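Enquirer: Take a look at the following structure, please.
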Amino acid sequence: MDCKCPSSGMKSDLNALRRTKESFNSKVQFKFVISDRQDYEYARKIVLSILLGASYIVFQPEWDNRLFVKELVELVKRERGIRWYEKPK
C-alpha cells in the first residue's frame, strides 16, 4: 500500500492505513517514496504512530533525487525508535 509523503502533493488516508494494518498486517507492504528530510520525518511519524509493528515497511528513495539516497540511509541507520528488520528464526 502506498503511503503518500508531503512532496508528492497527495495525502494518504490515515484511517485506511490503520485499518489495513489491523486487517492484513502480515500480508501487506507499506511503501513510502522519500524525496527529502521532510518526507522522512513524516514517514517516521506515521510508522511510529500508526504502523509500528507492521510486517513490511519500505522507505524507497525518489528516483529523481539520487543525492538524498545517502542521507536517507544514514537517517535510517541512526533510527532508534523503529526496529527495521528482524532476521527470521
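Enquirer: Among the residues of segment 30-49, are any over 19 Å from PRO61 (Cβ atoms), without any contact (Cβ under 8 Å) to a residue 12 or more places away in the chain and exposed (fewer than 15 other Cβ atoms within 10 Å of the Cβ)?
Expert: For segment 30-49, residues over 19 Å from PRO61 (Cβ atoms), without any contact (Cβ under 8 Å) to a residue 12 or more places away in the chain and exposed (fewer than 15 other Cβ atoms within 10 Å of the Cβ): present.
Enquirer: So which residues in segment 31-52 are in a loop (DSSP other than H, G, I, E, B) and either closer than 13 Å to MET10 by Cα or among the charged types (D, E, K, R) (or both), if there are any at all?
Expert: Within segment 31-52, just ASP36 meets the criteria.
Enquirer: Do the conditions hold for LEU72, that is, is it part of a helix (DSSP H, G or I), surrounded by 18 or more Cβ atoms within 10 Å (Cβ to Cβ) and touching a residue at least 12 places away in the same chain (Cβ under 8 Å)?
Expert: Considered against the rule, which asks whether it is part of a helix (DSSP H, G or I), surrounded by 18 or more Cβ atoms within 10 Å (Cβ to Cβ) and touching a residue at least 12 places away in the same chain (Cβ under 8 Å), LEU72 comes out as yes.
Enquirer: Still on this structure: Can you pull out the residues in segment 14-30 that are part of a helix (DSSP H, G or I) and either touching a Cys at 6+ places or on another chain (Cβ under 6 Å) or of a type outside the set (A, V, I, L, M) (or both)? If you could, list the steps in order and put the result at the bottom.
Expert: Step one: of segment 14-30, the residues part of a helix (DSSP H, G or I) are 14-27.
Passing the criteria: ASN15, ARG18, ARG19, THR20, LYS21, GLU22, SER23, PHE24, ASN25, SER26, LYS27.
Read-outs throughout are calculated quantities, based only on the coordinates presented, and are distinct from any laboratory measurement. Predicted model only: the values in this text are computed from it and were never measured. Please note: Cβ atoms are built from the backbone with ideal geometry, for glycine as well, and neighbour counts cover all protein chains shown.
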